[in-house]
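**Q** Could you have a look at this structure, given as structure tokens, before my questions?
The values are calculated or read from the model by the stated rules, or taken from the named source; none is laboratory data. Model, not experiment: these values are computed from the prediction. Using ideal geometry, Cβ is built from the backbone for each residue, glycine included, and neighbour counts are taken over all protein chains shown. The accessibility values were calculated without ligands, DNA or RNA, using every heavy atom of the protein model including side chains. Shrake-Rupley method; radii C 1.70, N 1.55, O 1.52, S 1.80 Å.
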Protein chains: 4
Amino acid sequence: MADATTTVGALKDAAGAFAAARHWEPFHSPKNLAMALASEVGELLEPFRWMTADESYAACRDPASRAAIADEVADVFNLLMLFSLHSGIDISEAVTAKLVKNEKKYPVGGDH
Amino acid sequence: MADATTTVGALKDAAGAFAAARHWEPFHSPKNLAMALASEVGELLEPFRWMTADESYAACRDPASRAAIADEVADVFNLLMLFSLHSGIDISEAVTAKLVKNEKKYPVGGDH
Amino acid sequence: MADATTTVGALKDAAGAFAAARHWEPFHSPKNLAMALASEVGELLEPFRWMTADESYAACRDPASRAAIADEVADVFNLLMLFSLHSGIDISEAVTAKLVKNEKKYPVGGDH
Amino acid sequence: MADATTTVGALKDAAGAFAAARHWEPFHSPKNLAMALASEVGELLEPFRWMTADESYAACRDPASRAAIADEVADVFNLLMLFSLHSGIDISEAVTAKLVKNEKKYPVGGDH
């Protein structure tokens, strides 16, 4: 599966099915999922904290550190999928609406 | 656009085009994007911090608070898209690989 | 009041008295306070996300941005004080114990 | 050492001396320390994410989980001390100033 052809819905379904098979839904309130998301983002930050910008690019290219980073990105993304499921908020709609808002807030050629 | 039919790639392209039109790429190192992600997740947590689990479900149903939460979800998702672009890590591949790993770590019917 | 002469306990008492006068204690479970802490740390990160290391030093020297950063540091610290109060964990004891542990984990002259 | 008698300055000195002995200062820009702080807060959140408020109180009383939580609190506090050192922001002054501000924002007996 690759981003070019995979729908957000397919990844949401996969995250939901994984949790359902383990009977984890009772724990998945929006509050708890937001908290879990922050915790996983903390793990994604961890390898980058003492790096320069250039080193952070290099870490994403190096096979070993890249795999570890991809692992954390996946955890963050999965929690976002679960949040979408349990909040009923459609990610694609939310993103589209926000881009329209941001077009006005940050006009092209503007000073920001 | 809705999650059922929108590819991750389409949302990634939209996030990338928005940033490119404003010449923001020089700021978008993996390090900086991870940091920005943590900041936006902090905003997503904000409304939930004093709520019970039930209140957090209710907040996601109430039209006014739902719109504010959707706004923050969009910001978090956009940063994850930019992180994917600048790290070169394909989200769908990372998620699929992680689900395989997690199937072993948390077997169905296991004690977790 | 200055750090050289102010005890952690005095700041903890101040944070506790402020919350008690407003009857906020029922909301201050360790879970909620940890979540609030993450949210405030997100605000502390916000101004730094697109900066270089040098720019982040400069932002702490510039009077206007320094005041805004100090404001966020205070929010983070206050939440840590409330967490200490409601968890019953003495910060100074925890820090002293952790420094002993870290002395072994990161020996002076070691490779870390 | 206990919070009642330990000054913030003493803990700041300890954190600074530990880092200096290992020549870590070049990494300790305000930007990097803020990022590290977010990462450590993520670890503090981790045990609480699926708990209820009551369970989070219980986790802080249980000796084993309490020790693990104290460990994370110490990491968070140490980073805040390093941030204070490298930003030059006095925590006690910042907290005192913020309490004055908050007295006005949240008057006792007010509706908040």
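Residues checked against (1) hydroxyl-bearing (S, T, Y); (2) closer than 30 Å to A:A53 by Cα:
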site	(1), (2)
C:A4	no, no
C:L11	no, no
C:A14	no, no
C:F27	no, no
C:A38	no, yes
C:R49	no, yes
C:Y57	yes, yes
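**Q** Could you say whether any residue in segment D:60-67 is within 7 Å of another protein chain (Cβ to nearest Cβ), closer than 22 Å to C:D3 by Cα and touching a Pro at 6+ places or on another chain (Cβ under 7 Å)?
**A** Scanning segment D:60-67 turns up no residue that is within 7 Å of another protein chain (Cβ to nearest Cβ), closer than 22 Å to C:D3 by Cα and touching a Pro at 6+ places or on another chain (Cβ under 7 Å).
**Q** Count, please, the residues in segment C:49-58 that happen to be more than 7 Å from chain B (Cβ to nearest Cβ) and either in contact (Cβ under 8 Å) with a residue 60 or more places away in the chain or not hydroxyl-bearing (S, T, Y) (or both).
**A** Number satisfying all stated conditions: 5.
**Q** Still on this structure: Restricting to segment D:18-47, give me the number of residues that are in contact with a Leu (Cβ under 9 Å, 6 or more places away or on another chain) and at the interface with chain A (Cβ under 7 Å from one of its Cβ atoms).
**A** 8
**Q** Ok, one more. Restricting attention to segment D:88-112, report how many residues are part of a helix (DSSP H, G or I), open to solvent by 10 Å² or more (accessible area, probe 1.4 Å) and of a type outside the set (A, V, I, L, M).
**A** Matching residues across segment D:88-112 total 8.
**Q** Sticking with this structure for a sec: Just the residues that are part of a helix (DSSP H, G or I) and either without any contact (Cβ under 8 Å) to a residue 24 or more places away in the chain or β-branched (V, I, T) (or both), please, taken from segment C:4-13.
**A** C:V8, C:G9, C:A10, C:D13
**Q** Here's a follow-up. When A:L79 is evaluated against the numbered criteria (1) in contact with a Lys or Arg (Cβ under 9 Å, 6 or more places away or on another chain); (2) of a type in the set (A, V, I, L, M); (3) within 11 Å of chain D (Cβ to nearest Cβ), which criterion, by number, is the only one it fails?
**A** For A:L79, the failing item is (1).
**Q** Next question, about the same structure. In segment B:14-34, what residues are in contact with a helix residue (DSSP H, G or I) (Cβ under 9 Å, 6 or more places away or on another chain) and in a loop (DSSP other than H, G, I, E, B)?
**A** Correct list: B:W24, B:H28, B:S29.
**Q** Would you pick out the residues in segment C:85-112 that are within 7 Å of chain D (Cβ to nearest Cβ) and in contact (Cβ under 8 Å) with a residue 60 or more places away in the chain?
**A** Answer for segment C:85-112, where residues must be within 7 Å of chain D (Cβ to nearest Cβ) and in contact (Cβ under 8 Å) with a residue 60 or more places away in the chain: C:I91, C:S92.
Conditions tested, residue by residue: (1) acidic (D, E); (2) closer than 17 Å to D:N78 by Cβ.
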{"position": "C:D3", "(1), (2)": "yes, yes"}
{"position": "C:V8", "(1), (2)": "no, yes"}
{"position": "C:S29", "(1), (2)": "no, no"}
{"position": "C:A58", "(1), (2)": "no, no"}
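**Q** List the number of the failed condition for A:V41; all other conditions in (1) within 17 Å of B:A38 (Cα to Cα); (2) not in a helix (DSSP H, G or I) hold.
**A** (2)
Residues are listed down the side, and each one gets a yes or a no for (1) buried (at least 18 other Cβ atoms within 10 Å of the Cβ); (2) within 28 Å of C:S29 (Cβ to Cβ):
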| position | (1), (2) |
| --- | --- |
| A:T5 | no, no |
| A:L11 | yes, no |
| A:R22 | no, yes |
| A:S29 | yes, yes |
| A:L33 | yes, yes |
| A:E40 | yes, yes |
| A:L45 | yes, yes |
| A:R61 | no, no |
| A:S65 | no, no |
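**Q** Right, another one. Exactly one of (1) closer than 27 Å to D:F27 by Cα; (2) at pLDDT 95 or above is unmet by C:F18. Its number?
**A** (1)
**Q** Next question. Is one or more of the residues making up segment A:51-60 part of a helix (DSSP H, G or I), more than 21 Å from the chain's Cα centre (by Cα) and not hydrophobic (A, V, I, L, M, F, W, C)?
**A** Scanning segment A:51-60, I find at least one residue that is part of a helix (DSSP H, G or I), more than 21 Å from the chain's Cα centre (by Cα) and not hydrophobic (A, V, I, L, M, F, W, C), so the answer is yes.
**Q** Report whether or not D:A70 is away from chain A (no Cβ under 14 Å) and under 19 Å from C:N102 (Cα atoms).
**A** For D:A70, the condition - away from chain A (no Cβ under 14 Å) and under 19 Å from C:N102 (Cα atoms) - is met.
**Q** If you go through segment B:47-59, how many residues are farther than 16 Å from C:G42 by Cα and open to solvent by less than 30 Å² (accessible area, probe 1.4 Å)?
**A** Adding up the residues that qualify gives 2.
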